[in-house]
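What follows is a single structure, written as structure tokens, with notes after it.
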Amino acid sequence: GGGARLAVETNTQVVPIALNSGECWPKNSFIKKPGTVTVSVGKPISSEGKTAPELMLEVEQWIEAEMRVISPQVYQE
């Protein structure tokens, strides 16, 4: 994505964030369900020596793994 490309071009770290707001605020729905939104902030991931697709893959893998922790009933292996 554009953020990964920008991080690689500027040699900047990326801080991955996972949140389960989709459980309370479904995509393309005006109806909001009551519930608790959990936000998990990961350790910064270095962009040094990586291509944008490599960095994006690493960030996506962290987010997917973290979603299985914060929303195991929705994100199963």
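Bear in mind these aren't lab numbers, they're just calculated from the coordinates by the rules spelled out. Quantities reported herein were computed from a predicted structural model and do not represent experimental measurements. Here the Cβ positions follow ideal geometry from the backbone for every residue, glycine too, while neighbour counts run over all protein chains shown.
Some values worked out for this structure:
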{"read-out": "Value of D in µm² per second that Stokes-Einstein yields for segment 2-67, Kirkwood Rh from Cα pairs, at 37 °C (0.692 mPa s)", "value": "249"}
{"read-out": "Residue exposure sequence - 71, 46 - by fewest surrounding Cβ within 10 Å", "value": "46, 71"}
{"read-out": "Per-residue ³J(HN,Hα) for segment 25-36, Karplus 6.51 cos²θ - 1.76 cosθ + 1.60, θ = phi - 60°, Hz, x for Gly and Pro", "value": "10, x, 4, 6, 10, 7, 7, 10, 9, x, x, 10"}
{"read-out": "Angle in degrees between helix 52-70 and the longest Cα principal axis of the chain, rounded to the nearest 10", "value": "30"}
{"read-out": "Highest-fluctuation residue, 51, 36, 12 considered, GNM on the chain with Cα pairs under 10 Å", "value": "36"}
{"read-out": "Magnitude of the charge dipole, segment 2-67, Cβ model with Lys/Arg +1 and Asp/Glu -1, debye to 20", "value": "340"}
{"read-out": "11 Å beta-carbon shell around residue 42, net charge (K/R +1, D/E -1)", "value": "-1"}
{"read-out": "Computed lengthening from residue 63 to residue 46, 0.36 nm per intervening residue step minus Cα-Cα distance", "value": "4.6 nm"}
